[in-house]
Every structure is written in structure tokens, then in C-alpha cells.
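Participant: This is the structure I have questions about; it appears just below.
The values are calculated or read from the model by the stated rules, or taken from the named source; none is laboratory data. As the structure is a computational prediction, the values presented were derived from the model and not from experiment. Backbone-built Cβ (ideal geometry, glycine too); neighbour counts: all protein chains shown. Please note that ligands, DNA and RNA were not included when accessible areas were found on the heavy atoms of the full protein model with its side chains. Shrake-Rupley method; radii C 1.70, N 1.55, O 1.52, S 1.80 Å.
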Amino acid sequence: MIRLHDKRFKLFLKEEEILSAVEKIAEEIAEDYRDQVPVFVGVLNGAFMFVSDFLKHYPHPCEVSFVKLSSYRGLTSTGIVETLLDLPDGIEGRSVIILEDIIDTGRTLQQLVHLFSNTNVKDFKIASLFYKAEAYNGEYPIDYFGIEIPNKFIVGYGLDYKEHGRNFRSVYQITKHQMINLVLFGKPGAGKGTQASYLKEKYNLRHISTGDVFRYNIKGGTKLGKLAKSYIDQGDLVPDEVTIKMLRDEVEKFPEANGFIFDGFPRTEAQARALDHLMESKNMRIDATIALEADDEALLERLLERGKESGRTDDQDEDKIRNRFDEYNQKTAPLKRYYEAQEKFHAVDGMGAIEEITKRLTKVIDTLENA
Ligand code: AMP
């Protein structure tokens, strides 16, 4: 799994498969043009890798040149094709073979055919490494192609997404589910909030901390804040129906989110079920629940330390902290089984340097098969 800008891609074609397709095209063309000196015209930018590998496998005399057109802006063809680098000189009477990285709708190809139509070349052929037969609606036949691929956006081996990804040796396909929704799981003080603040930047996610939302409401003296305060002050859990409704409201505030990090929710099985329902109703899903593991005594120390700095009253009293651990053990810890049954549970060592722990989490997230 790789990420480029805001999108996620999974491996689609390995380098060996691509190279053997390149070789196949080179052999076919070599067979057809052995008695001539063709001019290969690569279409920039995407075809540069293809042209390079192709030429290494082309055994006869040949010339090479480039044109540059542009039709992609982001993920879809805009239909506007500009000529950025014009035709090579001296191609009159020559056999020209266009080397394209990919034939998609055929708009670029149409422009190329048009460009060469009044050049009096002897012979004009198209060779494309990748060919999206389903998307192609041009009339010009594709003379040579390497691999026919489905109509999905790909990057790598010269092809880009917003200029990134051209340097990959393999080709990657965009994943179906672009969202990632994570549950950060762990006892109070395990570092969920700290880690969430890094992960939300790295993966461009919304961080929802139910504890923070409650504290914000308490500070603002809202109805919700008043309701939650007595529970929080004692280190007890706020009743499920209150928390579930609040969580739903928070998710609905960000319909454009790339995904969410749920921190401090779910804390009970009723909340976990409610979260699954909420996700389902929005055509979303939880991809992983990642537990930050640390032992009680280390956590107690961290919380007391935090209590001194933040002024959080529930972090300043050992009895209240122990009560929060008890609440966790009784009500939240069983969720491990709930998520294990869905094969979504991942445990991560929550002790050590913050950056080390972030790395451990990133490793888990980057290996999630989210296709
Ligand atoms: P936290 O900041 O996550 O440690 O949460 C602080 C307090 O807010 C908890 O001790 C609970 O009283 C309350 N709280 C936060 N999240 C939840 C939840 N999912 N369910 C019930 N109570 C919660």
C-alpha cells in the first residue's frame, strides 16, 4: 500500500511483469521494422520509463524523439489536450512509431494522430505499454500494446498522480476504499491523544476524542457538559446513550473527512455496536482497532504528571484514576474480543519514545489491506 497526496494505491503490476511486456512490444516491432530505421516518438512525461526500457530491448538501428502533450489534471481526463513540445524535425518519409505509456479515452491519441496527419510520414503506428480497452472510445486502432488493464487509475513506472509516483518501478492501482477509520484503544494515559495528533496529520484524518468533546462542553457550560460532568469527575463512564449521540453528531459535522481516528470511543460493547451501525449507515467501516499497551503503574505515573500540567481533576487523584482503570477493565477491555472477532484488532507496545510508538502505529496502518 502506498500513499500519494490524499490517495491510496495498492500494488498492481510488478516490475518483472512490466518489463516482460516492454520486451514483448520491442520484439514485435523489431520483427516488423527490421529493414527500416524507424523514428520512435515518446509521449512525455509519462512514457519516459517505457521509452528507456523499450530502446534497451530494441535490437536494430532506430532514432528517438519526444513530443509533449497534456490532458490529465488529477484523476480524470479533462479533454483539453495542449501541445507543450512539438513534433521532431525531419520525419517526412519516415516510419514513425509513437510510444505511449497508456491509452485511456483516446483523446491524447486523437491529438497525436491529428498532429502527424499533415507531416507526410511514410508510416504511422501506435505502441502503448498499457491499454484501457474499456475506456478507449477512439477510432484509431492500437497497433501494439503491452498489457490490457481495467479502467482504474494507475500510477508508477512513469505515470503520476498530481506529478507524484512516476519514479516507482512497479505500477499501483487506486484503492476502492479511500477512507481509513481507526479506533485507538487503550487505558487512560496510554498515549491515544498524543499519537492521534501525529496520525491525523500523516493520514489526513479527523481526530475525534470523546473526552475532549466532553471537556469542551463542560468548559462551555452546555447542557451536555453539565450532564457529563458528574460522571467524569468521579472517573465513571458517561452513559452510553449520551456518548453515542454525541459521537454521531461529531462524525456528521465532517462529511468530507478522509477518515476518522476515534480516540476514547468505543468504551463499551454497546458503543462498539453503535459505531459499527453508524459506519454502515454511512457506507463506511472501521478498518482497524489499534491498542496502545502499557502497564498500570507507568500509566498512573503519566496521568499524575499530566494532571499537574493540565489541571484535569480526574488526572490528579489516584483513586479516581484507579476507578478509570477499573471501568476500563470491566467495560472496555472486552472489546478486544469484539474486534478480534472482526479481525481488526492490533496491539502495539505503548511504552518508549513517542516517535518510536508512532512508527509502530504507522507500520500497522500501512499494512492494512484496504482495497
Ligand atoms: P478521556 O479524555 O478519554 O480519558 O476521557 C475522560 C472522561 O470522559 C472519561 O473518564 C469518561 O468519564 C468520559 N468519557 C470519554 N469517552 C467516553 C466514552 N466513550 N464513554 C463514556 N464516557 C466517556
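Participant: Compute the whole-percent fraction of alpha carbon pairs in segment 187-244 spaced more than 19 Å apart.
Facilitator: Beyond 19 Å sits 38 percent of the P(r) for segment 187-244.
Participant: Moving on to the next point. Residues in segment 162-199, backbone N under 11 Å from the label point at Ser52 (7 Å along the Cα-to-beta-carbon vector): list them, ranges by number please.
Facilitator: The answer is 167-169, whose backbone nitrogens lie closer than 11 Å to the label point.
Participant: With every protein chain kept in the model, how would you rank Glu250, Glu27, Glu343 by accessible area, 1.4 Å probe, largest at the top?
Facilitator: Glu343, Glu27, Glu250
Participant: Can you compute the charge dipole magnitude of segment 2-174 about its Cα centre, using +1 on each Lys and Arg Cβ and -1 on each Asp and Glu Cβ, nothing else charged? Give it in debye, rounded to the nearest 20.
Facilitator: Charge dipole of segment 2-174: 800 debye, to the nearest 20.
Participant: So how do Arg312, Arg273 rank on accessible area, 1.4 Å probe, biggest first, that is with the largest at the start?
Facilitator: The ordering from most to least exposed comes out as Arg273, Arg312.
Participant: Quick check: the angle from helix 48-57's long axis to the longest principal axis of the chain, C-alpha only, nearest 10 degrees?
Facilitator: 50
Participant: Across 10 Å bins from the origin, how do the percents of Cα pairs in segment 182-369 run, short distances first?
Facilitator: Computed distribution, short to long bins: 9, 38, 40, 13, 0.
Participant: With springs only between Cα atoms under 10 Å, which of Thr108, Thr175, Thr222 fluctuates most in a Gaussian network model of the chain?
Facilitator: In the Gaussian network model the winner is Thr222.
Participant: Considering only DSSP beta bridges with both partners in the chain, what is the antiparallel share in %, to the nearest 5?
Facilitator: Of those bridges, close to 30 percent are antiparallel.
Participant: Scattering from the C-alpha atoms of the chain alone, worked out with Debye: what is log10 I(q)/I(0) at q = 0.06, 0.09 1/Å?
Facilitator: Result of the Debye calculation: -0.37, -0.65.
Participant: How far is helix 240-252 tilted, in degrees, relative to the longest principal axis of the Cα atoms in the chain, given as a value from 0 to 90 rounded to the nearest 10?
Facilitator: The answer is roughly 30 degrees.
Participant: For segment 182-369, calculate the relative contact order in percent as a whole number, restricting contacts to Cα pairs under 8 Å that are 6 or more residues apart.
Facilitator: Taking the mean separation of contacting Cα pairs over the length of segment 182-369, I get 31 percent.
Participant: Then there is this: What does the charge count near Ser128 come to, summing +1 for each Lys or Arg and -1 for each Asp or Glu among other residues with Cβ under 12 Å from its Cβ?
Facilitator: Taking every other residue near Ser128 into account, the sum is -3.
Participant: With all protein chains present, calculate the accessible area of Tyr198 using a 1.4 Å probe and round the result to the nearest 10 Å².
Facilitator: Tyr198 exposes around 110 Å² with every protein chain in place.
Participant: Would you be so kind as to identify which of Ile97, Gly235, Thr362 lies farthest towards the positive end of the dipole of the chain, taking Lys and Arg as +1 and Asp and Glu as -1 on Cβ and the Cα centre as origin?
Facilitator: Gly235
Participant: Using a 1.4 Å probe on the protein heavy atoms only, what accessible surface does Leu99 show? Give it in Å² to the nearest 10.
Facilitator: The accessible area of Leu99 comes to roughly 0 Å².
Participant: Run the numbers on the chain and let me know its relative contact order in percent, using alpha-carbon pairs under 8 Å that are six or more apart.
Facilitator: Worked out over the chain, it gives 16 percent.
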